[in-house]
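Structure first, commentary second.
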Amino acid sequence: MTLALDRTETPETSETLAAQDIPAVAGAELRVPLVTGESIGYANLDHAASAPCLSAVRDAVDEFLPWYASVHRGAGFASQVSTKLYERTRGILREFVDARATDTVVFTRNTTDSFNLLARSLPKNTSVVVFDTEHHAALLPWRGPNVRRVQTPRTRLAAVSAVDSALAECPEGPRLVVLTGASNVTGELLPVKEIAAVARRHGARIALDAAQLSPHRKVSLRELDVDYVAFSGHKLYAPFGAGALVGRADWLRAAQPYLAGGGATKIVTGDAVVWNNGPERHEAGSPNTVGVYALGVACQTLSKQWDEIVEHEAVLLDRLRKGLAAVPGLTELSLFDAPVDRVGTLSFVLDGFEPGWVAAVLSAEYGIGVRDGAFCAHIATKRLIGEAGAAGQQALRVSLGLGTTEEHVDRLALALRQIVARGARWTYTRADGRWAPLDDPRQLPDFLG
């Protein structure tokens with residue numbers, strides 16, 4: 001079977017954004033095969049899942065690797081270099097989220113790891129209030145009778161009131177509100193500062209899921225008045241397996257170590273252990289020094305250019321939404337009835353088309369990468385689909401980032417219009433629960449063997 005990529009409808013694109021002074025990403029020139037046998041520049045519209053590596057991060061890691069060695073207890077010079085980079089990154093991350101001087105920085109694997117650590121560190125009988133539309137990383141670690149899951153209302157004001165009411169029903173004792181900064185389904189920003197003010201009136205602490213917010217906007221722990229913030233390197237253009245939990249030290253210091261092992265201990269005898277009190281209390285085992293360093297470099301790089309990054313994304317998001325509005329049968333999902341500030345992520349359903357099938361066609365015939373499914377936010381996605389009057393439990397998600405161009409956005413809008421108008425030009429079948437081209441001729445890269 002043969003097909004051609006029809007671009008006769010493609011609008012003129014100036015690509016002025018590509019010339020802006022924004023951080024470059026590795027793979028910006030990546031070309032991917034199509035089922036036609038042709039290749040095309042990859043349109044990565046799946047940044048909300050994992051962002052590509054910043055070129056600055058790649059270069060920094062390459063420079064550091066010859067110096068890599070075990071940290072903290074090595075006498076060798078390379079160990080001293082590695083230790084300095086590792087510990088210096090705590091200060092970089094503290095500055096990145098505008099933390100208080102007394103806040104601690106614990107290195108983790110990702111946001112999920114950070115919230116599981118925090119959940120293990122809560123004082124006994126802590127009441128937890130969390131919206132049920134959170135990402136699973138922020139939704140699932142909290143279990144038991146003291147957890148109150150609040151249904152996200154359709155207005156920001158009602159969301160603030162819902163937290164107020166939930167906290168008022170909590171028994172006496174420690175309280176924690178868990179809140180996302182930006183929805184990973186719709187990109188909409190939650191009223192964090194307003195909810196934090198309500199939480200303070202009830203004597204509650206606030207833990208902020210900044211996994212989706214921190215790659216797009218400056219996050220100020222002090223300005224938002226939150227107690228903890230969690231984020232992931234793989235969302236922040238540093239895909240080397242490190243994340244962080246930044247916040248008040250007392251609960252973490254009083255908790256049992258997250259992991260038991262070397263590095264978390266001061267003294268070990270035959271029948272007793274004295275644990276460290278600093279962040280290393282929860283960092284047992286050989287740490288991911290390369291990942292931590294990469295995360296720090298990414299945070300420094302983004303912090304220098306927030307204005308350009310925000311402008312780049314705002315222009316592309318406006319262009320994307322206008323392009324999608326012209327696709328027949330497309331309905332965008334939203335948490336709130338009224339327009340709110342948002343990052344460059346949105347989800348939609350396409351009437352009469354299964355999301356997984358559409359995603360496969362976009363990849364195979366147009367070289368576009370999007371996400372389909374419920375985005376590890378099953379409650380949110382299913383509810384929003386129903387509220388949009390659509391059928392099914394899955395949607396399509398588009399998420400922009402530093403490597404996104406005007407051409408990528410326009411290509412997506414054109415592709416969706418063509419799919420609606422005439423369907424696919426290849427045959428697709430289900431394989432292991434996923435849609436894929438039948439007799440897919442695309443070859444994997446040589447390095448896979």
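Rule-based calculations on the coordinates, nothing more; no lab input. The shown structure was predicted, so the numbers you read here are calculated from the model rather than taken from an experiment. Note: ideal-geometry Cβ built from the backbone for every residue, glycine included; neighbour counts use all protein chains shown.
This ranking places Y237, Y68, Y86 by how few other beta-carbon atoms lie within 10 Å of each, fewest first, which gives Y68, Y86, Y237. Exposure proxy for F375, F77: other Cβ atoms within 10 Å of each Cβ, ordered fewest to most, give F77, F375.
Relative to the longest principal axis of the Cα atoms of the chain, the long axis of helix 289-303 lies at roughly 70 degrees. Does region 56-303 come out rounded, prolate or oblate by the C-alpha gyration tensor, with a ≥ b ≥ c the root eigenvalues, rounded set by a/c under 1.5 and, if not, prolate when a/b is larger than b/c and oblate if not? Cα axes put region 56-303 in the oblate bin. Charges were assigned to the Cβ only: +1 to each Lys and Arg, -1 to each Asp and Glu. The resulting dipole of region 283-352 about its Cα centre is roughly 160 debye.
Local charge for D21 was computed over the other residues whose Cβ lies under 11 Å away, with Lys and Arg +1 and Asp and Glu -1, and equals -2. Summing charges over all other residues whose Cβ lies under 15 Å from the Cβ of E283, with Lys and Arg as +1 and Asp and Glu as -1, gives +4.
With neighbours defined as other Cβ atoms within 10 Å of a residue's Cβ, the residues E38, E406, E134 order from fewest to most as E38, E406, E134. Against the chain, whose longest principal axis is taken from its Cα atoms, helix 156-168 shows a tilt of about 30°. Count Lys and Arg as plus one, Asp and Glu as minus one, and take only other residues whose Cβ is under 14 Å from that of L317; the net charge is then -2.
Note on region 69-134: with charges restricted to the Cβ of Lys and Arg (+1) and Asp and Glu (-1), its dipole about the Cα centre is near 380 debye.
How would you order 432-444, 311-323 from highest to lowest mean count of nearby Cβ atoms within 10 Å? Intermediate results must be reported in sequence, preceding the final value.
Values: 432-444: 12.3, 311-323: 18.0.
The packing order, highest mean first, is 311-323, 432-444.
Computed from Cα atoms, the angle from the helix 406-422 axis to the main principal axis of the chain rounds to 50 degrees. For the cross-link pairs K235/K304; K193/K235; K84/K193; K235/K266, the ones whose C-alpha atoms lie over 26 Å apart are K84/K193; K235/K266.
Rounded to the nearest 500, what is the chain's calculated 222 nm mean residue ellipticity when only DSSP H runs of at least 4 contribute -39500 (n - 2.57) each, over all residues?
Details: 13 runs with 151 residues, N = 449.
Dividing the helical sum by the residues of the chain leaves -10500 deg cm²/dmol.
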